[in-house]
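Engineer: My questions will all concern the structure given below.
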Amino acid sequence: MDAVASILANHHAEPLPAAFVAIGGLVALKFALGLLGTFYRYQLRPSKKLTKFGKYAVVTGATDGIGKAYALALAKRGMSVVLISRTESKLQAVAEEIDSKNFKGVEKTKYIVCDYSNFDEKTRARVAKELGGLDIGVLVNNVGQSYRYPRYFHELAVEEIGSLIEMNINSTVWMTDMVLKGMVERKRGTIVNLSSGSADYTMPLLAEYAAAKMFVESFSVSLDAEYKSKGIRVQCQIPFYVATKLAKLRKSFTVPTAEAYVWMAMRWVGHGGVVQPYWIHALQGWVMKSVPHSILESGVMSMHAGIRKRGLKKDAKLAAEKKD
Ligand SMILES: NC(=O)c1ccc[n+]([C@@H]2O[C@H](COP(=O)([O-])OP(=O)(O)OC[C@H]3O[C@@H](n4cnc5c(N)ncnc54)[C@H](OP(=O)(O)O)[C@@H]3O)[C@@H](O)[C@H]2O)c1
């Protein structure tokens, strides 16, 4: 006991080395500045005036979920909107909904019918022709597709493998190509690309979707670096779950409605980089990144395996009903 007391007494007598105190102070300062910066970006930073980027906003996958919420929010901010999606009746309904609100300075909503699951040369030429000559200031590359339910990669049908590439990667690349040249000429514009939280983690049984969204993320950050000096910002958003048809989830504390997600996301439009606009998602991401990788990987695997089992059962039931 005496020996321990004497060690403690000596330890207290020693002043902490100055370098140790300085490093500790710098780490604390960095943390505090980081927190302040985060608070500023989520709560205080004023939104950009989007009409300064151009007159029109183009939104893909604009008849439901996040895309529809974006179309309405952009029109509310004075942007005339071009909706692009697959189902004409839904496009007409969303266009009418926007026009019925008579937002100030907003032209009659335009729409283009396009099936992005096969975005071939002919379809691209048609869409480009319809967009030609418009002063497009904002492009929201929102359309995307996940698996119907998690599965091993070898279980995906050939069409599903192709469609995941078309919907998530090719739609983003070709739509960007269509609007960017005009933005460069006008020296202004902003592009928002929808990736997914799944891009940032190991995603067993959703491998192709997660990888496709990682492509979107990488494409966005490099484009942003290429074009920011030309007055164009490219942003990648990485939502976690949002209560839409794609997610097949109901609204909860961590799962916002599309409108609630977009309400927060609009504050970020016009800035570049990779962002997680919904602060609860950002907090979730921070917690997930603190969990050891092996634990997270096996947790995701067992969660997805459970959903896969239910999905296979449902498919088998449907197949049996078809036979009868
Ligand atoms: N919801 C989430 O939890 C979540 C999480 C992370 C990332 N994301 C990403 O956010 C984006 C939007 O997802 P969401 O949940 O809002 O989706 P959603 O509610 O399912 O809406 C999909 C929209 O895309 C259109 N669409 C579907 N297939 C199409 C096709 N082949 N060609 C053209 N348009 C098509 C739909 O039009 P129709 O009405 O005609 O079908 C609809 O307007 C996606 O890129 C998704 O990967 C979503």
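Engineer: Pairs under 8 Å by beta carbon, first residue assigned by TED's automatic domain parsing to the domain that holds Arg151 and on the phi < 0 side of the Ramachandran plot in segment 313-324, partner of a type in the set (Phe, Trp, Tyr) and surrounded by 10 or more Cβ atoms within 10 Å (Cβ to Cβ), six or more apart or different chains?
Structural biologist: Within 8 Å, no pair qualifies.
Engineer: Would it be correct to say that Leu91 is in a helix (DSSP H, G or I) and either modelled with pLDDT of 95 or more or of a type outside the set (Phe, Trp, Tyr) (or both)?
Structural biologist: Criteria met by Leu91.
Engineer: In segment 27-45, what count of residues is obtained for those that are surrounded by fewer than 11 Cβ atoms within 10 Å (Cβ to Cβ) and not hydrophobic (A, V, I, L, M, F, W, C)? Talk me through it step by step, then tell me what you get.
Structural biologist: Applying the first criterion (surrounded by fewer than 11 Cβ atoms within 10 Å (Cβ to Cβ)) to segment 27-45 yields 27-35, 40, 43-44.
Imposing the further condition that a residue be not hydrophobic (A, V, I, L, M, F, W, C) reduces the set to 30, 34, 40, 43.
Counting residues in segment 27-45 that are surrounded by fewer than 11 Cβ atoms within 10 Å (Cβ to Cβ) and not hydrophobic (A, V, I, L, M, F, W, C) gives 4.
Engineer: Now a separate question. Quick check: is even one residue across segment 141-163 free of Cβ contacts under 8 Å to residues at least 60 places away in the same chain and closer than 30 Å to Lys49 by Cβ?
Structural biologist: Checking segment 141-163: not a single residue is free of Cβ contacts under 8 Å to residues at least 60 places away in the same chain and closer than 30 Å to Lys49 by Cβ.
Engineer: Which one of these is surrounded by fewer than 17 Cβ atoms within 10 Å (Cβ to Cβ) and of a type in the set (A, V, I, L, M, F, W, C): Val179, Val184?
Structural biologist: Exactly one residue qualifies, and that residue is Val184.
Engineer: Scan (1) more than 23 Å from His271 (Cβ to Cβ); (2) touching a residue at least 24 places away in the same chain (Cβ under 8 Å); (3) within 14 Å of the ligand (Cβ to nearest atom) for the single condition Thr123 breaks and write down its number.
Structural biologist: (2)
Engineer: Can you name every residue in segment 116-125 that is surrounded by 14 or more Cβ atoms within 10 Å (Cβ to Cβ) and either at pLDDT below 95 or not small (Gly, Ala, Ser) (or both)?
Structural biologist: The answer is Tyr116, Asn118, Phe119, Thr123, Arg124.
Engineer: Anything in segment 39-58 that is closer than 19 Å to Ile191 by Cβ, among the polar types (S, T, N, Q) and free of Cβ contacts under 8 Å to residues at least 40 places away in the same chain? List them, or say none.
Structural biologist: Within segment 39-58, none qualify.
Engineer: Would you check if Asp200 is without any contact (Cβ under 8 Å) to a residue 60 or more places away in the chain and within 16 Å of the ligand (Cβ to nearest atom)?
Structural biologist: For Asp200, the condition - without any contact (Cβ under 8 Å) to a residue 60 or more places away in the chain and within 16 Å of the ligand (Cβ to nearest atom) - is not met.
Engineer: Do you know which residues across segment 95-106 are at negative phi, loosely packed, with under 14 Cβ neighbours inside 10 Å and either outside the structural domain of Thr172 (by TED's automatic domain parsing) or more than 16 Å from the ligand (Cβ to nearest atom) (or both)?
Structural biologist: If the condition is that a residue be at negative phi, loosely packed, with under 14 Cβ neighbours inside 10 Å and either outside the structural domain of Thr172 (by TED's automatic domain parsing) or more than 16 Å from the ligand (Cβ to nearest atom) (or both), then Ser100, Lys101, Lys104 are the ones that fit.
Engineer: Just the residues that are over 14 Å from the mean Cα position of the chain (by Cα) and buried (at least 21 other Cβ atoms within 10 Å of the Cβ), please, taken from segment 187-204.
Structural biologist: Gly189, Thr190, Met203
Engineer: What do you reckon, is Val138 touching a residue at least 60 places away in the same chain (Cβ under 8 Å), more than 14 Å from the ligand (Cβ to nearest atom) and buried (at least 17 other Cβ atoms within 10 Å of the Cβ)?
Structural biologist: Yes.
Engineer: May I pose another question? Need a quick list: helices (runs of 4 or more DSSP H) entirely within segment 203-301 having at least 1 residues that are more than 16 Å from the ligand (Cβ to nearest atom).
Structural biologist: 207-227, 279-290
Engineer: In segment 169-181, which residue that is farther than 16 Å from Val59 by Cβ and not hydrophobic (A, V, I, L, M, F, W, C) is farthest from the ligand (Cβ to nearest atom)?
Structural biologist: Checked segment 169-181; the qualifying residue farthest from the ligand (Cβ to nearest atom) is Lys181.
Engineer: Run down Val184, Val82 and say which single residue is in contact (Cβ under 8 Å) with a residue 40 or more places away in the chain, part of a helix (DSSP H, G or I) and more than 10 Å from the ligand (Cβ to nearest atom).
Structural biologist: Answer to the selection: Val184.
Engineer: Just one of the numbered conditions (1) surrounded by 24 or more Cβ atoms within 10 Å (Cβ to Cβ); (2) away from the ligand (no atom under 16 Å from the Cβ) is not true of Lys52; which one?
Structural biologist: Unmet condition: (1).
The values are calculated or read from the model by the stated rules, or taken from the named source; none is laboratory data. All values reported here derive from a predicted model rather than from experimental measurement. Cβ sites come from the backbone with ideal geometry, for glycine too, and all protein chains shown count toward neighbours.
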